[in-house]
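This report refers to the structure that appears directly beneath it.
Bear in mind these aren't lab numbers, they're just calculated from the coordinates by the rules spelled out. Predicted, not measured: the structure shown is a model, and the values here were computed from it. Heads up, the Cβs are rebuilt from the backbone with ideal geometry, glycines too, and the neighbour counts pull from every protein chain shown.
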Amino acid sequence: MTLAPNLAGTQCEPVNFAWERDDVLLYAVAVGAGADDPTTELALTTEDTGGVRTAVLPSFAEVITRKARVDLGSPDPASLVHAEQSVRLAAPLPVSGWARVTATVTDVVDLGSGALIRTEAHAADPETGAPLFSTVRSSFLKGAGGFGGERPEPRPDPVPDREPDVVVTERTAGNQALIYRLTGDRNPLCSDPAVAARGGYDRPILQGMCTFGFAARAVVAAVCDGDPSRIASLDARFTAPVYPGQTLTVSVWRTDDGAAFRVAVDDGAVVVDRGSATLFPVA
């Protein structure tokens, strides 16, 4: 499949999306909250624990904005992989609410062996139009390159040249991708063995955004004392696939404005790099 660079600027029709507390709780469990010890992270996983108020992971914003889809044609799902993700919040996410979401393809970059498609989504209050949050998703479509154009300079790696301040290690469940798909991410690359094989994988892989959620939880624990409402932004690049059942090691470095992070799997291979998070100013 070949993509024309004039795909940039394509926008979808606005989509209204409502979420409830149960959606937030399911999402947290889908990204590993409470898996090792169900008595921890109760703010993420329960609504009726005495003295504990339900909180929302900032990465949940992508669950909302993914509902706005730009038509990319009919690419083979085996050839489309998640490459980068960012989340920007105007304020902490509420436990329930609704938003009007629009999405626009902002860049189509020729990488030779494929194309990098960057889509920016904005969520706003349906009644007032006030901005709530935004996400940027970059996807790599194999075999779609060859149309030319300049490549942007990669952003610098925010990870400092020193040992991490905190290291969090968690094993993903064998059915982690199947749990995560219940949040609405029905990518067959993560559930269908035939599609995974066509993509060159031994078996279905874990959704990149599931790994992103595990990393978000580690950052919240490492620099926010377990309070996700302090996170204002998250950015990361996906560099290699994760298979359900593998162990994720999230290394976190505290920085002046938040944190930098990196994720590796059992054999030491880095699967997420250039991770960064910023915090809301302390009131």
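What to note about this one:
- Contour minus Cα-Cα distance for LEU111 and VAL52 (0.36 nm per residue): 16.5 nm
- LEU182-THR39 pseudo-label distance in nm [points 7 Å out on the Cα-to-Cβ vector]: 2.4
- HN-Hα J in Hz across region 18-28 - Karplus 6.51, -1.76, 1.60, θ = phi - 60°, x for Gly and Pro: 10, 9, 10, 4, 4, 5, 5, 5, 4, 4, 4
- Net length available on complete extension from PHE147 to ASP227 is 24.3 nm, with 0.36 nm assigned per residue and the Cα-Cα distance removed.
- Sites ARG21 and THR128, calculated FRET efficiency, Cβ-Cβ separation with R0 30 Å, nearest 0.05: 0.85
- Nonlocal amide H pairs with VAL271, under 5 Å, H built at 1.01 Å: VAL263, ALA264, VAL265
- Between TRP98 and ALA8, the C-beta separation translates, for a Förster distance of 30 Å, into a calculated FRET efficiency of about 0.55.
- Around the amide H of GLY143, modelled in the peptide plane, lie the amide H atoms of GLY114, ALA115, all under 5 Å away and 5 or more residues distant in sequence or on another chain.
- Rel. contact order, % - alpha carbon contacts under 8 angstrom, at least six apart, region 5-279: 20
- FRET efficiency for ASN175 and ALA90, using Cβ-Cβ distance with R0 set to 45 Å, rounded to 0.05: 0.80
- Alpha-carbon centroid distance for the pair region 141-182 / region 34-74, whole angstrom: 19
- Spin-label model distance (nm) - ARG162 vs ARG203, 7 Å beyond Cα toward Cβ: 4.1
- Taking θ as phi - 60° and the Karplus parameters 6.51, -1.76 and 1.60, the scalar couplings of region 203-215 work out to 7, x, 9, 7, 4, x, 6, 6, 4, 4, x, 4, 5 Hz in sequence order, x denoting glycine and proline.
- Between GLY112, GLY51, GLY258, the GNM of the chain built on Cα springs shorter than 10 angstrom shows GLY51 fluctuating the most.
- Rel. contact order, % - alpha carbon contacts under 8 angstrom, at least six apart, region 132-283: 26
- Note on ASP71 and PHE280: the model spin-label points, each 7 Å out from Cα along the C-beta direction, lie 3.9 nm apart.
- Phi angles across region 253-265 convert, under the Karplus curve 6.51 cos²θ - 1.76 cosθ + 1.60 with θ = phi - 60°, into 3J(HN,Hα) values of 10, 6, 10, 4, 10, x, 7, 10, 8, 8, 10, 10, 10 Hz, Gly and Pro given as x.
- Qualifying GluC sites (Glu not before Pro) in region 38-125, DSSP loop, other Cβ atoms within 10 Å at most 16: GLU47
- Global geometry of the chain, whether rounded, prolate or oblate, following the gyration tensor of its Cα atoms and the 1.5 cut on a/c: rounded
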